[in-house]
Ligand SMILES: [Zn+2]
């Protein structure tokens, strides 16, 4: 038997009635349709998923390849980095070196700058450098010349020292000879005083007759009483007879003026000279005259030649010395010289020496 089941659906607008069998058919159809749709969708999805998987695999493989490549690249980069690091280290070292070099260069640069400044300054003076060079050369030459001069001066000094020593000794000798004691410590004063004294003494020795009037062979007769060879009586001999060959030179014993140059009966050819301070000298038995009356003669001048004129027993010179026109003994005057200057003032009493000492310091050691 068939059972009809009805389903009533009520809504607000009304009610509808549906048979169960019809509904069952619809449901079955719907389920079939849904199943088919599901299978289709599932298959499609599966296919889709498969294709996606394939794509993913492909992607994966690609990515793997990429990774490998990247890894290799990475390793290459690492090697390169390592190399670069080495290079960098070297570069750093180089840089440090360079920095050091740079600081050196800075110092050098400063030095160079300073040198350059100096050079620039010097450049300004280039002209004067040439001048300086030439003046340096001149200075060197001058120095060499001065050194040579110095050597000369040293030699001169040495010889001057020698001369001064010699002069000192000469002064000593002179003082000894002049019989003087002068202060030794004042050389200039000593020299001056010596010079004055010597001049004064030489003046007196040039004025008052002294020394031999002739270079005689010997003295035949001295001054004084004697037995006269011609008169045959004891008579006064007023001079000294010097034996000398005819033509022997006769010299003036002091400065003076010729008072007489004449021939006399007893004296033969005769000369008389007037000297200073009241002295006169005469020369008898001459061979000739070499001076005239009124002529001034100096000590040591040749005035005549000796002979044998007048009353004479042989060639000789009769030499007389007069003081205030009176003959005195010439012996001390003939011996008189600069070395025994003082002696005559005590030996010869016939001359008033004291008043002459007032005019000239004849004897420095004897106070008056
Ligand atoms: Zn005589």
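Read-outs throughout are calculated quantities, based only on the coordinates presented, and are distinct from any laboratory measurement. Note that the structure is a prediction, hence the values are computed from the model and not measured. Counting neighbours? That spans all protein chains shown, and the Cβs are built from the backbone with ideal geometry, glycine included.
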Check: Hey, what angle do you get for helix 187-207 against the long axis of the chain, alpha-carbon based, 0 to 90 degrees rounded to 10?
Finding: 20 degrees
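Could you tell me how many cubic angstrom of Cα convex hull volume the chain has per residue?
Numbers: hull volume 188.9 nm³, N = 368.
Enclosed volume per residue, from the Cα hull, is 513 Å³.
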Check: Modelled label-to-label distance, residue 59 and residue 343, 7 Å Cα→beta-carbon offset: nm?
Finding: 16.5 nm
Notebook entry, point to check: Using alpha carbons only, how many degrees (0 to 90, rounded to 10) separate the axis of helix 126-177 from the longest principal axis of the chain?
Noted result: 30 degrees
Notebook entry, point to check: Just 167, 132, 71 to compare: in a GNM of the chain, with alpha carbon springs under 10 Å, which one fluctuates most?
Noted result: 71
Next item on the list: Give the angle, between 0 and 90 degrees and rounded to the nearest 10, that separates the Cα long axis of helix 20-124 from the longest principal axis of the Cα atoms of the chain.
Entry: 0 degrees
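Sort 236, 177 so the one with the fewest other Cβ atoms within 10 Å of its own Cβ comes first. List each step's numbers first, then the result.
Working: 236 10, 177 14.
Ordered from fewest to most neighbouring Cβ atoms within 10 Å, 236, 177 come out as 236, 177.
If I take every Cα pair under 8 Å that is 6 or more residues apart in the stretch 205-338, average their sequence separation and divide by the length, what percent do I get for the relative contact order?
Details: 376 pairs, mean separation 40.2, N = 134.
Answer for the stretch 205-338 is 30 percent.
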Item checked: Fluctuation leader among 135, 355, 42 - the chain, Gaussian network, Cα springs under 10 angstrom -> 42
Note to self: If I take every Cα pair under 8 Å that is 6 or more residues apart in the chain, average their sequence separation and divide by the length, what percent do I get for the relative contact order?
What the structure shows: 12 percent
Checklist line | Estimated [θ] at 222 nm from DSSP helical runs (n ≥ 4, -39500 (n - 2.57)) normalised by residues in the chain, nearest 500 | finding: -19500 deg cm²/dmol
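What order do you get for 344, 273 when you list them from fewest to most C-beta neighbours inside 10 Å?
Working: 344 19, 273 26.
Least to most surrounded, the residues fall as 344, 273.
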Item checked: Gaussian network model of the chain, springs between alpha carbon atoms under 10 Å - residue of 192, 332, 118 with greatest fluctuation -> 118
Note to self: With 10 angstrom as the radius, rank 348, 250, 334 by how many other C-beta atoms surround their C-beta, starting from the fewest.
What the structure shows: 348, 334, 250
